[in-house]
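Colleague: To start, I am sharing the structure in question, which I have written as structure tokens.
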Amino acid sequence: MNKQENPFQMYQGRIETQDDLFSRAEVGLANRNSGLLLESLALDITPSGLHYLLIHFDVPLLDTEHHQLAFDGAFENPFQLTMTDIRAMPQKTVPVTLECAGNGRSGLSPRSHSMPWMYEAVGTSLWTGTPLAPLIKKAQPKDNAVEISFLAADYGYDKAVGHHYGRSLTLKQLDELDVLLVHSMNGQPLLPQHGAPLRIIVPGWYGMASVKWLRTITALTEPFDGFQQVRTYRYRENDDDPGRPVTAIRVKSLMIPPGVPDFGSRKRIVEAGPVALTGRAWSGGGVPITRVEVEIGGQWFDADLGDAVGQYAWTKWTYDWSATRGPHILRCRATDAKGQVQPVDPRWDVSGFANNAAQKVDVFVR
Ligand SMILES: Nc1nc2c(c(=O)[nH]1)N[C@H]1C(S)=C(S)[C@@H](COP(=O)(O)O)O[C@H]1N2
Ligand SMILES: [Mo]
């Protein structure tokens, strides 16, 4: 099917949205792409069933036994690997905090039509696999190779372009990033929705780089022009802006909403007295968290920090609050070792990428 025959022409441009109101199409997406339950921020490692999901098309149900990973294109020594080959290679298990670049999209105004995330598109898993760099070295990119692309099994349309999900990294980025070829999550083979039987994890970058259902690793002599690389995941000021690529995760923190919820309104009820506020903070590119502050009644207080769960994983924070009666708005914000601080107000982006504005929690203390 080409552009002219596309029966969904109307979805090629901007789709009308209204802040705080979601279309049936978006609710449908949200029912597939579940988010982390904020109460599970209490755990260092997110149980696999509570890890957020972002699936653009349909989950391809692949056969582990016959799955092949091909290294092709501009490599001197192209080869193929089975899952048995990959499991027999040197293994590494790393805790990595993954966050979707669209996390926080609903907090922007006007927001864009896409997965309507609020705060919950984040999670930390123990990923097991073999480091990718030695395999690329073994395949040996030709002298004129500039990028390596990662092509997946899932296929669909976006803006009238049919494509397999795919992303690329430059050879320089591959040198700097500890990319892992992953077959297991939290000690179990990858679940279908998380990329079974094989995916990559690109630690420190937003989730779009961590290609699931991986089938082909190709050496390219020209930059990759796949849809998910050049048509989206770019920071843009307006529709005509070619934009800059979305890469490392921006500094962020979240709080477990204290107290208990009211089912209908989702507002929180807290008992007066001592309340242990807690949550997690993380930043991208392996940069550690140096500070978390909590705002109560318009004043910011320093929280206590725990140890990071890993170089590429989040840090726990706690703050003892003496809750006084009445309505309160609580917020938290993190600072990283590069001095980057979470903004209180969202930064504008056309597609709603990387909104790391401080989380706001409404509570009523009684
Ligand atoms: N093949 C493929 N890989 C993919 C995606 C996808 O739709 N297809 N989604 C990406 C995005 S946008 C994110 S945020 C992460 C989500 O990984 P998870 O669902 O395991 O949390 O996978 C990435 N890898
Ligand atoms: Mo994402």
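The values are calculated or read from the model by the stated rules, or taken from the named source; none is laboratory data. The shown structure was predicted, so the numbers you read here are calculated from the model rather than taken from an experiment. Note that each Cβ is placed from the backbone with ideal geometry, even for glycine, and that neighbours are counted across all protein chains shown. When the accessible area is computed, the model is the full protein with side chains, heavy atoms only, and any ligands, DNA or RNA have been set aside. Shrake-Rupley method; radii C 1.70, N 1.55, O 1.52, S 1.80 Å.
Colleague: In square nanometres, what is one fourth of the surface area of the convex hull spanned by the alpha carbons of segment 1-89?
Modeller: Values: hull surface 46.7 nm².
Directional mean of the projected Cα hull area for segment 1-89 stands at 11.7 nm².
Colleague: For K267 and K172, compute 0.36 nm times the residue count separating them, minus their Cα-Cα distance, and round to one decimal in nm.
Modeller: Details: separation 95, 0.36 × 95 = 34.20 nm, distance 4.73 nm.
Full-extension gain reported as 29.5 nm.
Colleague: Give the ranking of H183, H164 by solvent-accessible surface, highest area first, calculated with a 1.4 Å probe. Walk me through the numbers on the way to the answer.
Modeller: On the way: H183 10, H164 70 Å².
Reading off the accessible areas and sorting them downward yields H164, H183.
Colleague: Using the C-alpha gyration tensor of segment 319-360, what are the square roots of 5 times its eigenvalues, in whole angstrom, with the largest one first? Intermediate values should be presented prior to the final figure.
Modeller: Working: eigenvalues 136, 50, 7 Å².
Equivalent ellipsoid of segment 319-360: 26, 16, 6 Å, largest first.
Colleague: Kindly rank 285-291, 238-244 from highest to lowest mean number of other beta carbons found within 10 Å of each residue. It would help to have the intermediate numbers written out before the result.
Modeller: On the way: 285-291: 17.9, 238-244: 10.3.
Packing order, densest peptide first, comes out as 285-291, 238-244.
Colleague: Report the dimensions of the chain along its three principal axes from the alpha-carbon atoms, largest first, rounded to Å.
Modeller: For the chain, the Cα spread along each principal axis is 69, 49, 36 Å.
Colleague: For a quick size check, give me the Cα extents of segment 213-366 along its three principal axes, largest first, whole Å.
Modeller: Cα spread of segment 213-366 along its principal axes, largest to smallest: 64, 34, 31 Å.
Colleague: May I pose another question? Among 108-119, 190-201, 90-101, what's the highest-first ranking by average C-beta atoms within 10 angstrom per residue?
Modeller: Values: 108-119: 18.3, 190-201: 21.8, 90-101: 20.2.
Top to bottom by mean Cβ count within 10 Å: 190-201, 90-101, 108-119.
Colleague: Please give the calculated 222 nm ellipticity per residue for the chain, where each DSSP H segment of at least 4 residues contributes -39500 (n - 2.57) and the sum is spread over every residue; nearest 500 deg cm²/dmol?
Modeller: Working: 5 runs with 31 residues, N = 366.
The helix-only estimate for the chain comes to -2000 deg cm²/dmol at 222 nm.
Colleague: Taking amide hydrogens as modeled 1.01 Å from N in the peptide plane, which residues meet the under 5 Å criterion relative to E99, leaving out close sequence neighbours?
Modeller: The answer is G207.
Colleague: If we count every other residue with Cβ under 10 angstrom of I269's Cβ, Lys/Arg +1 and Asp/Glu -1, where does the sum land? Present the calculation step by step, with values, prior to reporting the outcome.
Modeller: Numbers: positive: K267, R268, R366; negative: D262, E271.
Net charge in that neighbourhood comes out at +1.
Colleague: Rg over Rh of segment 188-293, using C-alpha atoms and the Kirkwood radius, what does it come to? Please report the intermediate quantities before stating the final value.
Modeller: On the way: Rg = 20.0 Å, Rh = 18.1 Å.
So for segment 188-293, dividing Rg by the Kirkwood Rh gives 1.10.
Colleague: Need the C-alpha centroid separation for segment 282-305 versus segment 165-217, integer Å.
Modeller: 29
Colleague: Now a separate question. Step through the table entries K172/K338; K92/K172; K138/K316; K267/K316; K172/K316; K172/K252, compare each Cα-Cα distance with 29 Å, and write down the pairs that go over it.
Modeller: Values: K172/K338 22 Å; K92/K172 22 Å; K138/K316 39 Å; K267/K316 24 Å; K172/K316 32 Å; K172/K252 26 Å.
Those over the limit are K138/K316; K172/K316.
Colleague: If packing is taken as the mean number of other Cβ atoms within 10 Å per residue, what is the order of 331-338, 76-83, highest first? Present the calculation step by step, with values, prior to reporting the outcome.
Modeller: Working: 331-338: 20.4, 76-83: 14.2.
Going from most to least packed, we get 331-338, 76-83.
Colleague: W348 to E39: extension gain in nm, 0.36 nm per residue of separation minus the Cα-Cα distance?
Modeller: On the way: separation 309, 0.36 × 309 = 111.24 nm, distance 2.84 nm.
That pair, W348 and E39, stretches by 108.4 nm at full extension.
Colleague: With a sphere of radius 13 Å drawn around the Cβ of I201, what net charge do the other residues whose Cβ falls strictly inside it have (Lys, Arg +1; Asp, Glu -1)?
Modeller: Local charge sum for I201: +2.
Colleague: Return the inverse of the average 1/r over all pairs of distinct C-alpha atoms in segment 25-136, which is the Kirkwood hydrodynamic radius, in Å to one decimal.
Modeller: Values: mean 1/r = 0.0591 Å⁻¹.
Hydrodynamic radius (Kirkwood, Cα only) of segment 25-136 equals 16.9 Å.
Colleague: Going 7 Å from the Cα of Q311 toward and past its Cβ, which residues in segment 81-115 have a backbone nitrogen under 19 Å from where you end up?
Modeller: Correct set: 90-99.
Colleague: Here's something else I'd like to know. If DNA, RNA and ligands are ignored and the probe is 1.4 Å, what is the ranking of D72, D320 by accessible area, most exposed first?
Modeller: So, going from the largest accessible area down, we get D320, D72.
Colleague: On to the next question. How large, in percent, is the carbon and sulfur part of the accessible surface of the chain at a probe radius of 1.4 Å?
Modeller: Numbers: 8990 of 17380 Å².
Here carbon and sulfur together make up 52 percent of the probe-accessible area.
Colleague: Under the 0.36 nm per residue contour assumption, what length would be gained going from the current alpha-carbon distance of T84 and L21 to full extension? Before the final figure, lay out each step's value.
Modeller: Values: separation 63, 0.36 × 63 = 22.68 nm, distance 4.77 nm.
Gain in length upon complete extension: 17.9 nm.
Colleague: Let me ask you something else. Kindly report the accessible area of the chain per residue (heavy atoms of protein chains, probe 1.4 Å, no ligands, DNA or RNA), in Å². Could the numbers behind the result be given before it?
Modeller: Working: 17380 Å² over 366 residues.
Roughly 47 Å² per residue, with all protein chains present.
Colleague: Please state the Cα pair-distance histogram of segment 263-314 with 10 angstrom bins from zero: what percent is in each bin?
Modeller: With 10 Å bins starting at 0, P(r) equals 19, 38, 29, 14.
Colleague: Determine the dipole magnitude for the chain: charges of +1 sit on the beta-carbon of Lys and Arg, -1 on that of Asp and Glu, nothing else is charged, the reference point is the Cα centre, and the result goes in debye to the nearest 20. Walk me through the numbers on the way to the answer.
Modeller: Working: 36 positive and 40 negative charges, 65 e Å.
For this selection, approximately 320 debye.
Colleague: Lys/Arg Cβ at +1, Asp/Glu Cβ at -1, dipole of the chain taken about the Cα centre: which of V94, S23, G187 is farthest positive-ward?
Modeller: S23
Colleague: Something else about it: Label-point separation (nm) for L50 and D241, each offset 7 Å from Cα along Cα-to-Cβ?
Modeller: 3.6
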